[in-house]
Amino acid sequence: MGVSKDARPRRRMTQAAPPLERLKKRADFLAAAKGFACAKGAVLVQARDRRDGMDQVRVGFTATRRIGGAVVRNRAKRRLREAARATLSGLARAGCDYVLIARGGAAERPWLRLLDDLKSALIRLAADLAAAPGAGTTLSLPSSPQPLSARRPKGRPKAHPASDAER
């Protein structure tokens, strides 16, 4: 015999956060990369305030080949998706895009530590986004990181042409 509809447990209808919208276009990922970033443990989180008046939170997931083969990358992204469902509803800032990037060990990291990594990164990014110019509030942090686009390029600086001529 089958189970009747009334015998199934019912979900409570509460004021749950709206479902997270996924980032799928490359342009959205690139725009988020120009915002703030915070690396904690096995996850790197990039955040950008869209400033479009919409309260929707959008999130994207990525894992590079550096962390492993296809199986490892897919496992890491599945774990990040579930961690995002568990934490973003309470800690994400409305109107922001988030990109969660799996780092080495994300597929094997203990679940509670992965959640803690994501929570601490989101808390830090919330403070950075609040302190950003035009955010509406002024919060001064002693060591607030700059957006990635404002940092100096990596690598050795090129020699000045005049210094080569003097040698």
- Approximate spin-label separation Ala127-Arg51, in nm, with each point projected 7 Å along Cα-to-Cβ: 2.4
- Two-site label geometry, Ala33 and Thr62: point separation in nm, points 7 Å out along Cα→Cβ: 0.5
- Given 0.36 nm per residue, what is the gain on full extension from Arg26 to Arg85 after removing their alpha carbon distance, in nm? 19.0 nm
- Query: So what's Rg/Rh here for segment 18-128, counting alpha carbon atoms and using the Kirkwood radius for Rh?
  - Reply: 0.94
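Read-outs: derived from the displayed coordinates by stated rules, not from any lab. Treat the numbers as computed from the prediction; the structure is a model and nothing was measured. Cβ coordinates were reconstructed from backbone atoms using ideal geometry, including for glycine residues, and neighbour counts include every protein chain displayed.
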